[in-house]
Structures are given as C-alpha cells and as structure tokens.
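Coordinate-derived values only; no laboratory data. Because the structure is a prediction, the values reported are computed rather than measured. Cβ sites come from the backbone with ideal geometry, for glycine too, and all protein chains shown count toward neighbours.
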Amino acid sequence: MDYLTAIAAWLVFWLYRQHLLHNAFPSVYPNERNWGPRDYIISFLIVPTFWTILHFLSGAYFDLYRKSRLVEIYRSLIVALIGSLLVGMVAFSNDTDSFKYFFEITLWYFLTHTLFLLSARLLWLYKIKRDLLKGKIGYNTLIVGGNGKATKVYNEIKNNSHVLGNEVIGFVSADHNVAPLNIGNVPELGTIDQLEHIIETHGIEEVVIAVESHEHKKLEHILTQLSYTPTIIKVLPDLYDIISGSVRINNVFAPVLISIHPELLPDWQKVCKRAIDIFSSLLALIVLSPLYLLAAIKVKLSSPGPLIYKQERIGLFGRPFYIYKFRSMYVNAEADGPALSSDDDKRITPWGKVMRKWRIDELPQFVNILQGHMSLVGPRPERKFFIDKIIATHPHYKYLHRVKPGLTSWGMVQYGYAENVDQMTERMKYDLLYIENCSLALDIKIMLYTIKVLFQGRGK
C-alpha cells in the first residue's frame, strides 16, 4: 500500500513540478519536459522503495491490528516530513539556484505525499477496526486471577464495545481455594505452574492478570512464569501504580490496566537496533579478519582440539541456541561436569588467558548476532545448568530472557565475568536495570564503555 501510495503521490506532484518550473523559470525551462527512462526508474522504483524502507525503519509494519489511529497519524506526519526533506535535498536542490523555489517545491511535495499517505492509512485503519468489531480478527486472551476480580475484568472486556479484539478463551485460577469462574464458555485451563504450556497449547496472545493489589508475591510469581512467553501481559493496577505513573492509557474506554509488552523497545528502535547489529557484525567480520586468522592459528598451536568451541546457552524467551567462541581451554575441560572459570583456572591454555583478557575469544559471536540469536548489547547468555541453580533462589532471573542476550552487557561492563553462582546473581542486578531502562542510547553508551574496557585489558 505504501509503495503504491508513494508512486501516486510522486506522479501527481511531478506534473505540478513541471508546471512550476515552466512558468517560474521560462528561460531555463521553456518547455515542459517529456518523460524518459530515467523518470520511470525514479517514479516506479527509487522513490517508492525509499519510502517503503523509511516506513519500515519507523516501525509502521509491526502489530498492525493494535495500532492507535492518533499515534499512527503522528508517526506518518513525522516520517513524511523527514522523507520529503531527504527527497527534496536529493531531487530538487539542483533544479534552480533559488532557495524560495526549493522551499516551495519541497513543501508541496510534503503536502502531496502526506495527503495520499494519510488517506491510505486511515482507510486501512478503518478496515482493521471493522474487522475487529465483526470478530474477523481477535486475540486469544487468558485471564489469570481470583473469582471476583477475574469476573469483573471479563465483564469489562466482553461488554465494552470500545474494547477491540480480545477473545477470552480460558481462565487460570490464582488461588486453589476459590471456586472457578462461573461463566459459560470460559473453561478453567489449568494452574499457574502450567502457564507456559497453556499459552503454547492454546495460542494465547494476551494475558490479563486479575489479582488483588496487595498480593505482590502472587503477582511476582505469575510474572515469573510468563517470562518465557512472548505474550502481552496486562495487570490490574493499584492506587500506588496510578499515582506513580505506571499506567499508560491509549483507549479511554478500555479497562484501566498496566500493559507489559514482550518488546521493550519502541518499534523504530527495535528495527534500528537490529540494523546496527547486522551492520556492525558484518563490519567486524571483515575488518577484524586478520585478528580472526591470528587467533585461529594461535588456538591451533596452543593445544590439540577444535578451533571453535560451541556450547548450548539460553536465549530470548528461554530458547536454547549454540554460542561460538575461540577455544580457550584444553579439550574435555568439563569432564567432571559444568564449572565456571576463574582467574587461576588450570583448564585455560596460556593463549586462552591472553584471549580472555582482551576478550578475543568472544569474536566468533558476531556470527551468532548475524543469525539473530544474540545482539551487540544484552545480558550475557548462560547455561541452563547454572540458570536452574539461580532460579531456585532468585526466580526473577528469568526476566533477563525478555531480551536477546548480548555480546556485551551492563553487567559485563560494571561487574565482569562471574566465577560462581553468587557472582552471577550479583551481576544480574545490573542486567535487570538494563532491561528496565533499555534504549538505543543506553546500548551505545554500554558499547563505548565496553571498548574502553577492552583497550584497558580489564577482561578475564
């Protein structure tokens, strides 16, 4: 739709541009120019492709059925303004030497493109709203809570015509001592400890947690169980949550709920973060190729065994993946079972100690980043063996898996490598702070501090 909109806006604008040049600058443009192959390429390929990429980078193509019309209008206006200025500087700046002409022609292009763009967007959003109201589109929703609160939330969702898309397909009791919901066609699907299985089995997209405001331990337990599920979580707030500003309302007719989205970054930042990951990884693999070759030769000479060591780690939403490293230990270093390394670890080769100090052994993980299993910045991935040990006493460690693991992290910058489970738990505090404050700006800051640590040789 955006591709066709960009073509239509450009064609209409091109006619005005030709007319303006012919009338305002007759000595330079005595006749209106006919179209050539270059015009077709610009109009039907370059311009619409540029606009489509720009809209993608703005996050316009994510979660189409949950979009707010006001937010989408605001986003479209900002993108149209930025795009029109970029197109103007490239396409119109050489038409004449007149700044007045450049300003006028760019403004008209912005108005023309915006008119076509907003018309198409509003028609599309209107169609989405109709599909939601008619029940063609819906989100499988699960209610977790006690009888009274859960029934109230269910009635607010079901009987409010302004709440769109939620199809409540089941209920999970937060307390075994209360009677199940007495509502037709809303079965009890299981217990809190079975939440992951219930969500996967029934294709749940949204979970509404309806527990009493004072039941913080129960709420924490439920949120922990949901850490490995890519669902939107909505929580009934108490008065303190409202006063502290935790509640954000997009729909004034909807029930008052705190929304916890699986994606912590805004759409445009998520796209930019992935683009930075891909570009930086490709650049690193090319620029650092001599260092890769040197490290590979030194690993081969240091001791018998493979050049690359791969190990299963836990990533986003608890999904396992294999992490790659230059081998820094002797073969069969964990013959007696999983063990964390330390400064005086006899299992580490002499060259391995050098690599760990400058973190050269981590360089193959740029391949993990290209594969999409990791990011440049995020909590360091750990093995399930140690994660299970930590979760036994600190279950909120599972929150770290709400984001992709990273090549570096706030915890690595502030704390460094962990030599035991207690140190891993201590480092977790920094990574939790990162998750609560994650942004592109924070990622850049962590990367700069990581470079500083590397040049100082403060790795382990």
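Taking other C-beta atoms within 10 Å as the exposure proxy, PHE386, PHE326, PHE99 rank PHE99, PHE386, PHE326 from fewest upward. Ranked for footprinting exposure by Cβ neighbours inside 10 Å, fewest first, PHE92, PHE279 give PHE279, PHE92. Simple point charges give the picture: +1 on the Cβ of Lys and Arg, -1 on the Cβ of Asp and Glu, and for the chain a dipole about the Cα centre of about 920 debye. Each Lys and Arg contributes +1 and each Asp and Glu -1, all at the Cβ; summed about the Cα centre of segment 1-93, the dipole is approximately 120 debye.
Stokes-Einstein diffusion for segment 2-133 at 37 °C, viscosity 0.692 mPa s, with a Kirkwood radius from C-alpha pairs, works out to 206 µm²/s.
When only Cα pairs below 8 angstrom with a gap of at least 6 residues are kept, the chain shows a relative contact order of 11 percent. For the charge dipole of the chain, defined by +1 on Lys and Arg C-beta atoms and -1 on Asp and Glu C-beta atoms about the Cα centroid, which residue among LEU265, LEU285, LEU123 has the Cα displaced farthest towards the positive pole? Among LEU265, LEU285, LEU123, the one farthest towards the positive end of the dipole of the chain is LEU285. Sequentially through segment 373-381, phi angles give Karplus couplings (6.51, -1.76, 1.60; θ = phi - 60°) of 7, 9, 10, 5, 10, x, x, 5, x Hz, Gly and Pro residues having no value and appearing as x. Distance from the Cα centroid of segment 379-416 to that of segment 264-335 is 17 Å (rounded to whole angstrom). Taking the charge dipole of the chain about its Cα centre, with +1 at Lys and Arg Cβ atoms and -1 at Asp and Glu Cβ atoms, the residue from GLY305, GLY83, THR393 reaching farthest to the positive side is GLY305. As a calculated quantity, the FRET efficiency between LYS384 and ASN155 at R0 = 41 Å, using C-beta atoms, amounts to about 0.50.
Think of the chain as a dipole: +1 on every Lys or Arg Cβ, -1 on every Asp or Glu Cβ, centred on the Cα centre; then among GLY138, GLY36, HIS216, GLY36 lies furthest on the positive end. Among the trypsin sites (Lys or Arg not before Pro) in segment 331-437, those placed in a DSSP loop whose Cβ has at most 12 other Cβ atoms within 10 Å are LYS346. Summing charges over all other residues whose Cβ lies under 15 Å from the Cβ of LEU307, with Lys and Arg as +1 and Asp and Glu as -1, gives +3. Annotation for GLU196 and LEU20: the two label points, set 7 Å from Cα along the Cα-Cβ direction, are 5.9 nm apart.
By the count of other C-beta atoms within 10 Å, a proxy for reagent exposure, VAL377, VAL287 are ordered fewest to most as VAL287, VAL377. Could you compute the FRET efficiency for THR96 and PHE44, with r as their C-beta to C-beta distance and R0 at 25 Å, rounded to 0.05? With R0 = 25 Å, the Cβ-Cβ based efficiency is 0.45. The simple spin-label model puts a point 7 Å past each Cα toward its Cβ; for LEU123 and ASN420 those points are separated by 6.8 nm. Which of rounded, prolate or oblate describes the chain when judged by the alpha-carbon gyration tensor and an a/c cut-off of 1.5? Oblate, because a/c is 1.5 or more while a/b does not exceed b/c. Helix screen, the chain: DSSP H segments with Cα axial length of 20 Å or more and mean Kyte-Doolittle hydropathy at least 1.6 are 69-87.
The distance linking segment 52-79 with segment 98-159 is 9 Å (Cα centroid to Cα centroid, whole angstrom).
Between LEU85 and LYS353, the FRET efficiency estimated from the beta carbon spacing at R0 = 45 angstrom works out to 0.25.
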